[in-house]
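Note sheet for the following structure.
Bear in mind that the values in this text are calculations on the coordinates, not laboratory data. Because the structure is a prediction, the values reported are computed rather than measured. Note that we place each Cβ from the backbone using ideal geometry, even for glycine, and neighbour counts take in every protein chain shown.
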Amino acid sequence: MLFFDPEYLAFLLPGLLLGLYAAIKTQSTFGRYSRVAASSGLTGAEAAERLLRANGVEDVRIETARGFLSDHYDPRTRTLRLSEGVYASSSLSAIGVACHEAGHALQHAARYAPLALRSSLVPVAGLGSQLAPWLAIGGLLLRTPVLFNLAILLFAAAVVFTLVTLPVEWNASARAKRLMVSSGIVSPAEQSRAGAVLNAAFLTYVASTVTAVLTLLYYVSLGRRRS
């Protein structure tokens, strides 16, 4: 019922359009600067390692990961995983992405509170995003408000996760942009181009947050209409 409700599409349309724009913007920006080599000649992996070492972080492993822009930092194992197109490339795109992920490792080392909060929300956010739609449908079909209200609460946890993600990602990019210059990874003239990839990628997080918030508002609106 959720997917055939015109109001559902009306709620989600802004987030879907923003998400589409963000995906196109990220891929086009990454592609543009993936053809521009950094003057330092460092690969993404080397850039991440230099940034970490220059800031006193010695216990983070750097590995390759499969998939386009599948780069991420795992705080549980202190492992920074870079996609194949980032790990071995010396492009400004690769360096920007690698330094951003290294920024997360620096957040972890500095005990950056929003990162710790986001990590603690991962289990409940995953559960909420997976179960909430089914609980909502079950609550409507069975005419059980308790199930529907539980769906709203669970999905609200997923929304909080996306909201907390925004400052975490913004801060990681800000650290990367500042430290990639001070660490000699890119020149000041190259910083804006390496950072352009991070700015575009941040839009994807904004789009996810907008979509999550609008979905939650839809659930609340639907609950009121059905009560």
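A few points about this structure:
- Share of pairwise Cα-Cα distances greater than 24 Å in the chain is 49 percent (whole percent).
- Descending by average beta-carbon neighbour count within 10 Å, the peptides 196-205, 11-20 line up as 196-205, 11-20, the highest first.
- The range 185-227 residues near the modelled V146 label - backbone nitrogen below 20 Å, point 7 Å along Cα→Cβ: 223-224, 226-227
- Fluctuation leader among A172, A158, A109 - the chain, Gaussian network, Cα springs under 10 angstrom: A109
- A Gaussian network model of the chain, with springs between Cα atoms under 10 Å, assigns the largest mean-square fluctuation among A110, A102, A38 to A110.
- At least 27 Å along the helix axis (C-alpha) and Kyte average at least 1.0, DSSP helices within the chain: 113-141, 145-182
- Computed over the chain with a Gaussian network model linking Cα atoms closer than 10 Å, the most mobile of R76, R111, R35 is R76.
- Selection from P133, S221, Q191 lying farthest towards where the dipole of the range 110-227 points positive, charges on Cβ: S221
- Cα centroid of the range 103-118 to Cα centroid of the range 10-35, whole Å: 26 Å
- Only beta bridges with both residues in the chain are counted; by DSSP, about 45 percent of them are antiparallel.
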